[in-house]
Amino acid sequence: MNILKIDQPTNLITIYNKNNNIMVIIHNDMTIEYGENYNPDETAIRFWESIYTNGKTIKELKEEIERLKEYKFMYEQLCK
């Protein structure tokens, strides 16, 4: 189930409720479209949940990249 989806080319951000219904669409031209299921409190919660979840994922990916760089360096040292 999507919480936040980044679309192209017309929708920049789409925020869904727990039933996967659209609450808000922010278009690339920064216009905002409110869905039938719009609830400002739930929308804010879903937005920040997504930021937290994706931020955590990005941090984990950066850590994995650093580990891979270390492995590559060790491999290159062994191959000399």
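The values are calculated or read from the model by the stated rules, or taken from the named source; none is laboratory data. What you are looking at is a predicted structure, and each value in this text was computed from that prediction instead of being measured. Note that each Cβ is placed from the backbone with ideal geometry, even for glycine, and that neighbours are counted across all protein chains shown.
Numbers for the structure displayed
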read-out	value
Test: residue in region 62-80 that is of a type in the set (A, V, I, L, M) and modelled with pLDDT under 85	no
Matching residues, region 14-32, being among the polar types (S, T, N, Q) and over 19 Å from the mean Cα position of the chain (by Cα)	THR31
Strands (runs of 3 or more DSSP E) contained entirely in region 1-48, each with at least 3 residues that are modelled with pLDDT of 90 or more, crowded, with 16+ Cβ neighbours inside 10 Å and of a type in the set (Val, Ile, Thr)	22-27
Tabulated pairs, region 68-80, first in contact (Cβ under 8 Å) with a residue 12 or more places away in the chain and surrounded by fewer than 10 Cβ atoms within 10 Å (Cβ to Cβ), second in a loop (DSSP other than H, G, I, E, B) and among the polar types (S, T, N, Q), C-beta under 9 angstrom, 6+ apart or interchain	none
Selection status of GLY35, more than 18 Å from the chain's Cα centre (by Cα) and among the small types (Gly, Ala, Ser)	yes
